[in-house]
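Report on the structure given below.
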Amino acid sequence: RDSKMGAFRICGLNCLVVLAGVCGVTRADGFTLDLTPSGLTRFLGAPFSLDTSGDVAATRNALIAATRTWATKQLSAIDEKEKVGASEYPYFAFLPPHRGNLVPGAEPVRWSAACHRDVSAEVVASPDYSIFEITMTMRDPKTPLCTDTYMLSSLSGTIAIEHFPVAFDSVRKVQYNVSASELTAAGLFDLKNNGIRVFSFQSSWSRTLSDIIATLTLFVSEVTTGVPEETAQTNLDFLKRYANIDMKPRTGGSVRVDKSLVHSGDGIYIIRLDGLDPVLAFAMGSTTGHVTTALWIDGELYVVESTVKDSYWPVDGIQKTPWDVWLQQAHDADFQVVWAPLSAANRAKFNETAAVAKFHEMEGLEYGYQNMLYGWIDTVKDNYPCFPPGSETCLEWEHVMLIYSFMWKIEPTKHDAFFTQAWNHRLGTSGLGPAEILQYAAQHNIDPRTIPTMVEEDKWQYNTTRFGKPAIGGSSVCCVFGCQLWKAGGLFDGLDDIQCTEQTNFDDYSLTMFDMTTPRPHQCQQADPDNSVCQLEGKYTLHLNRYASRAPYSHMGEKCPSMAPNYSRPSNC
């Protein structure tokens, strides 16, 4: 639901699908994946689509269920003597690090793998670049009972998984095929200059599958109205061990305050222990995964937000819900909810009429899929999260490009919503796909890794929908929309170039916008004596880290890292 990391879930789940051999042709030593709608339809057991105007939640939930079924089946087929359990830190431990690009005519690439201390690889291409023969030389095995597993990919969309058991020093040859008939000029340019991307899994195939299954347990409540307690405990474990967020059980129950105390512009901050929100919090350095705002409209108090229709939420897009109705829905969905009132000075400054007009201007627009990645990615490396216990397993730029090309291969016209429009905005181009974008960047001496880090501008318009019909409009996820209401209401007057599309949950609630002097209502103090904000809902205590600690500043949040678990930031972040 948040711009900085909403797509992390998409990338993570698509990486799981990339591993799903049921999509492709299985061989004794690996498999090649069929990344086409028909191949993924076979995988899902239902028509596959990335159409964001359709039921995105249903597609996501189908991916979760099908991947869990596939991984469990694959694991059951492994010899019992070779099975091992999940990693000590299993969540997202399956992500394979990028080892290098095999470019025809270039020097061999070398790395150390899980089973071999010294691996080198090189590639020779056929004249039409449709067949690549990869030679891998493996030396100095660490143990005799071990198998290295590799993922080979290119922007052509072909994915190959290869298993290499230890056989002491050995040389293996792998053939990687590309459909010459589907190869564009830009695709050919990419193969000649960027070659075949090599990723290696850090554990055995058995452990990788177990880690996939463990990761999926975070997301069980994505398909339920409430959050099962077992799923909540799994997510609490993830937050504590991965992000140093320790959410204690809470007995305060539902707390209700007099609506007259709630003013337009007050922040309402949420986390649901459903996999999605905790992963967003981990990646952003926040303790929340969703942002909403209180707004009085025609004498009635509403909660306004940008969100998606889901198993626990009935409406899609930018919307308003009456205060009491929203709180009941939040209760039923097992939200942890805190209310953060603006300071007296900011309440007086806030132009409610202008904010309501801004809401009406944006009401009904689709959730901000179009730029959901780009407020989060501010740096070339220091926003892609790494996972404990060390930093060996990280989300990388190369994973992003893999997912980009994967989605483009399946549905290029629909994929436009997730990547292409935003990247073309940054380059001043239009209609370029992933290979064309990399070619354009190379021709203009642009490091492609910097494209997502370029500042997203509030004024940019996207092909989107409004009330379910095609439209041209802005793109806003939850924290962006909340910031835009503040901006319209005048809270950033006097500051230059604050782009709300660059803000995160943390960026919103850590600003010195809030009331830090007025005592909380008695019922809030009684329910949660140690909280600095009033918790209205939730079984677990939600604290806002670094709450109301940073003054707004020009060009806010444009170049800020967000690396767990310490989330060290320069003074201007």
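The values are calculated or read from the model by the stated rules, or taken from the named source; none is laboratory data. Remember, it's a predicted structure, so these values are computed and weren't measured experimentally. Cβ coordinates were reconstructed from backbone atoms using ideal geometry, including for glycine residues, and neighbour counts include every protein chain displayed. Ligands, DNA and RNA are excluded from the accessible area calculation, which covers all protein heavy atoms including side chains. Shrake-Rupley method; radii C 1.70, N 1.55, O 1.52, S 1.80 Å.
Inspect all residues belonging to segment 557-565 and state whether any of them is touching a Gly at 6+ places or on another chain (Cβ under 9 Å), modelled with pLDDT under 95 and polar (S, T, N, Q).
There is at least one residue in segment 557-565 that is touching a Gly at 6+ places or on another chain (Cβ under 9 Å), modelled with pLDDT under 95 and polar (S, T, N, Q).
When you look at Val279, is it more than 21 Å from the chain's Cα centre (by Cα) and closer than 25 Å to Glu398 by Cβ, yes or no?
No: the conditions fail for Val279.
Kindly indicate which of Gly433, Gly428, Gly468 is modelled with pLDDT under 95, surrounded by fewer than 19 Cβ atoms within 10 Å (Cβ to Cβ) and either among the small types (Gly, Ala, Ser) or at positive phi (or both).
Only one candidate passes the filter, namely Gly468.
Sort out which residues of segment 52-97 are out of contact with any helix residue (DSSP H, G or I) (no Cβ under 7 Å at 6 or more places or on another chain), at pLDDT 85 or above and closer than 30 Å to Gln370 by Cβ, and write them in order of number.
Pro96, Pro97
Output the qualifying pairs, or none if there are none: Cβ atoms under 8 angstrom, residues six or more apart or on different chains, first residue in segment 85-96 and farther than 13 Å from Glu392 by Cβ, second residue among the small types (Gly, Ala, Ser) and open to solvent by 10 Å² or more (accessible area, probe 1.4 Å).
Gly85/Ser210; Ala86/Ala93; Ala86/Ser210; Ala86/Ala214; Pro90/Ser210; Pro90/Ala214; Tyr91/Ala214
Collect the residues in segment 151-195 that are surrounded by fewer than 16 Cβ atoms within 10 Å (Cβ to Cβ) and among the small types (Gly, Ala, Ser), keeping them in residue-number order.
Hits for segment 151-195 are Ala167, Ser170, Ser179, Ala180, Ser181, Ala185.
Those residues that are β-branched (Val, Ile, Thr), surrounded by fewer than 22 Cβ atoms within 10 Å (Cβ to Cβ) and over 26 Å from Tyr242 (Cβ atoms), I need them from segment 304-330; list them, please.
Val315, Thr321, Val325, listed by residue number.
Hey, can you tell me all the residues within segment 370-399 that are aliphatic (A, V, I, L, M), surrounded by 18 or more Cβ atoms within 10 Å (Cβ to Cβ) and more than 13 Å from Phe92 (Cα to Cα)?
Passing the criteria: Met372, Leu373, Ile377.
Could you grab me the full set of residues in segment 284-296 that are assigned to a strand (DSSP E or B) and either of a type in the set (S, T, N, Q) or open to solvent by 10 Å² or more (accessible area, probe 1.4 Å) (or both)?
Answer for segment 284-296, where residues must be assigned to a strand (DSSP E or B) and either of a type in the set (S, T, N, Q) or open to solvent by 10 Å² or more (accessible area, probe 1.4 Å) (or both): Thr292, Thr293, Trp296.
Would a scan of segment 452-459 turn up a residue that is part of a helix (DSSP H, G or I), modelled with pLDDT of 95 or more and more than 30 Å from Leu239 (Cα to Cα)?
no
Can you find even one residue in segment 453-461 that is under 18 Å from Ile377 (Cα atoms), touching a residue at least 60 places away in the same chain (Cβ under 8 Å) and over 20 Å from the mean Cα position of the chain (by Cα)?
Among the residues of segment 453-461, at least one is under 18 Å from Ile377 (Cα atoms), touching a residue at least 60 places away in the same chain (Cβ under 8 Å) and over 20 Å from the mean Cα position of the chain (by Cα), which makes the answer yes.
Name the residues in segment 331-353 that are open to solvent by 30 Å² or more (accessible area, probe 1.4 Å) and farther than 14 Å from Tyr269 by Cα, would you?
Asp332, Ala344, Ala345, Arg347, Ala348, Lys349, Asn351, Glu352, Thr353
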